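Peer 1: Okay, handing you the structure first.
The values are calculated or read from the model by the stated rules, or taken from the named source; none is laboratory data. Treat the numbers as computed from the prediction; the structure is a model and nothing was measured. Cβ coordinates were reconstructed from backbone atoms using ideal geometry, including for glycine residues, and neighbour counts include every protein chain displayed.
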Amino acid sequence: MKRLFIMTLALVALAVWTLPAAAEITLDGQYRVRAETRVNADWMDDEPTGTSTGDNTSVTGQRVRLTAKANAGEDVTVKITLQDTRQWGAGQENTNTGGIDPNNNLDLHESWVKLDNLFGAPVAIKVGRQAINIADQRLIGGFEWSNNARSFDAAILSYKNDVVGVRAIRANIKEGPDSINDDFNLNILEAVITAVEDHTFTLYAINAVDNGVFASEFDLMNYGLHAKGKVGPADYSVEYNMQTGDESDVVEIEASAFAITAGFSLPDVAGLRIGVQYVDASGDDGSDATTQETFDNLLPTNHLHYGYADRQAWMNMNGINLNVSAKPMDKLFVKLDYWMFGVNEVEDDLYYASGNTGVAGNAAYDDDAGTEIDLTVKYAYSDAVKFQLGASLYQAGGFIEDSLAPVDSADQTWSYLQMAVNF
């Protein structure tokens, strides 16, 4: 049955690609391949004990997209993106289970219709599977770095004029056993104000309601403010979030987070920019069982913000970042980042970019999580072909070292090389 479904998708895509030009269809696509290597993922020095296994990994991921976008009449747009993701060396058939290998996936990444200028007003509705980005994607983002990326089954009602844009979003994240009462849904209201030149102000409210699909029931309300802009050669961004709500009608949610970035550019000096960033997200010390104070960073694009090794989420953390970037050539971009990470509540965990626990907390641990150095190089071979490589070194701090004791810690490294061809 699954093979038939995949063949049907392929035939539909082929039919769309062969429609005549008179149908006002534009076609594009992407081929992307990235090889990644992570060494010493557990920070544990293997030599003394030999107890660390599976902490050195190397994988090559591939993504292929074919997109058709059509004007189906005045103010009606339809977009369909067929996406295949796979890992090299992962066979299409899983010999252990006889099923399709989960690392290989052919699916619809996008499939939406948009109606603009409803009843002659600057109002639009967009329905279907689509990417959704809120502000700088710290809470809701398309996560394009991932091979699969993230898309939402959603309906968006929007209004826009010269100074403000408003969106009301309803997204169904997962259906539960009872399709009426057990869903996990997002309800988002966003206002983007562009009345001041070179500055953007975004106000948003996010209601995440899980009626038991993934874990215990929760009803979370997030209130956020984001501002960014430029003043001469300087740029800035500020984001603050406050979370309330409850878990299972018993535990009250009281959490917050903020992020501040600033930079100064010297475009005449090889495109030089010097930047700083400070981020903070509350954690929970476990002293009150009726209150949850760990900030939940929901469904973000964390890879953009807290070190490219993806060892940090915007949860129970603080971080200071210094960075410098330059364009020594028109086609070449180079950036160097230095991070110092801390854990706000040592009783709480250190969370990876995925939001999962990386290192479990303990009241006896130090609050220094560690330092990270990131090198990123981007080269535009042509308008269509882009290369990118990066390397990261994460040195464990006291929090991680204490969790490993009596085994000594060792540095963790991560590196990658990526090629993307857009056509």
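Peer 1: With the requirement that a residue be closer than 23 Å to Ala121 by Cβ, of a type in the set (A, V, I, L, M, F, W, C) and not in a loop (DSSP other than H, G, I, E, B), what does the stretch 160-210 give you?
Peer 2: Within the stretch 160-210, Val164, Val166, Ala168, Ile169, Ile188, Leu189, Ala191, Val192, Ile193, Leu203 meet the criteria.
Peer 1: Which residues, taken from the stretch 316-329, are closer than 21 Å to Trp145 by Cβ and surrounded by fewer than 24 Cβ atoms within 10 Å (Cβ to Cβ)? Spell out how you get there, then give the answer.
Peer 2: Let us first name the residues in the stretch 316-329 that are closer than 21 Å to Trp145 by Cβ, namely 317, 319, 321, 323, 325.
Of everything in the stretch 316-329, those that are closer than 21 Å to Trp145 by Cβ and surrounded by fewer than 24 Cβ atoms within 10 Å (Cβ to Cβ) turn out to be Gly319, Asn321, Asn323, Ser325.
Peer 1: Among the residues of the stretch 216-244, which ones are at pLDDT below 95 and assigned to a strand (DSSP E or B)?
Peer 2: Phe218, Asp219
Peer 1: Moving to a separate point now. Scan the stretch 120-136 and give yes if some residue there is of a type in the set (S, T, N, Q), modelled with pLDDT of 95 or more, closer than 22 Å to Leu82 by Cβ and surrounded by fewer than 17 Cβ atoms within 10 Å (Cβ to Cβ), otherwise no.
Peer 2: Applying the first criterion (of a type in the set (S, T, N, Q)) to the stretch 120-136 yields 130, 133.
Within this subset, residues satisfying the condition of being modelled with pLDDT of 95 or more are 130, 133.
Next, only the ones that are closer than 22 Å to Leu82 by Cβ stay: 130, 133.
Applying the additional criterion that residues be surrounded by fewer than 17 Cβ atoms within 10 Å (Cβ to Cβ) yields 133.
Checked the stretch 120-136: at least one residue is of a type in the set (S, T, N, Q), modelled with pLDDT of 95 or more, closer than 22 Å to Leu82 by Cβ and surrounded by fewer than 17 Cβ atoms within 10 Å (Cβ to Cβ).
Peer 1: While we're looking at this one, here's another question. If you take the residues of the stretch 45-83 that are assigned to a loop (DSSP other than H, G, I, E, B) and in contact with a Leu (Cβ under 9 Å, 6 or more places away or on another chain), which of them is modelled with the highest pLDDT? Break it down stepwise before answering.
Peer 2: First, the residues of the stretch 45-83 that are assigned to a loop (DSSP other than H, G, I, E, B): 45-56, 72-75.
Then drop every residue that is not in contact with a Leu (Cβ under 9 Å, 6 or more places away or on another chain), which leaves 45, 75.
Working: Asp45: 84, Asp75: 93.
Among residues in the stretch 45-83 that are assigned to a loop (DSSP other than H, G, I, E, B) and in contact with a Leu (Cβ under 9 Å, 6 or more places away or on another chain), the one modelled with the highest pLDDT is Asp75.
Peer 1: Right, another one. Of the residues that sit in the stretch 330-346 and are surrounded by fewer than 17 Cβ atoms within 10 Å (Cβ to Cβ) and of a type outside the set (Lys, Arg), which one is modelled with the lowest pLDDT? Show your work before the answer.
Peer 2: Initial filter on the stretch 330-346 (surrounded by fewer than 17 Cβ atoms within 10 Å (Cβ to Cβ)): 330-332, 336, 338, 340.
This time we only want the ones that are of a type outside the set (Lys, Arg), so: 330, 332, 336, 338, 340.
Details: Asp330: 92, Leu332: 98, Leu336: 98, Tyr338: 98, Met340: 98.
Among those that are surrounded by fewer than 17 Cβ atoms within 10 Å (Cβ to Cβ) and of a type outside the set (Lys, Arg), it is Asp330.
Peer 1: Filter the stretch 266-295 for residues that are acidic (Asp, Glu) and surrounded by 14 or more Cβ atoms within 10 Å (Cβ to Cβ); which is farthest from His305 (Cα to Cα)?
Peer 2: Restricting attention to the stretch 266-295, the residues satisfying the condition of being acidic (Asp, Glu) are 268, 280, 284-285, 288, 293.
If we keep only those that are surrounded by 14 or more Cβ atoms within 10 Å (Cβ to Cβ) too, we end up with 280, 284-285, 293.
On the way: Asp280: 12, Asp284: 22, Asp285: 25, Glu293: 22 Å.
Selected residue: Asp285.
Peer 1: Out of curiosity, is Gly263 closer than 20 Å to Tyr306 by Cα and either touching a residue at least 24 places away in the same chain (Cβ under 8 Å) or assigned to a loop (DSSP other than H, G, I, E, B) (or both)?
Peer 2: Yes, satisfied.
Peer 1: From the list Tyr223, Tyr240, Tyr236, which one is under 24 Å from Asn133 (Cβ atoms) and touching a residue at least 24 places away in the same chain (Cβ under 8 Å)?
Peer 2: Of the residues listed, the single one that is under 24 Å from Asn133 (Cβ atoms) and touching a residue at least 24 places away in the same chain (Cβ under 8 Å) is Tyr236.
Peer 1: Of a type outside the set (S, T, N, Q), at pLDDT below 95, in a strand (DSSP E or B) and on the phi < 0 side of the Ramachandran plot, is that true of Arg86?
Peer 2: Here the answer is yes, as Arg86 does meet what is asked.
Peer 1: Out of Ser325, Ser354, I need the residue that is modelled with pLDDT of 95 or more and either in a loop (DSSP other than H, G, I, E, B) or closer than 30 Å to Asp268 by Cα (or both). Which one?
Peer 2: Values: Ser354 fails: modelled with pLDDT of 95 or more.
Just a single option satisfies the conditions, and that option is Ser325.
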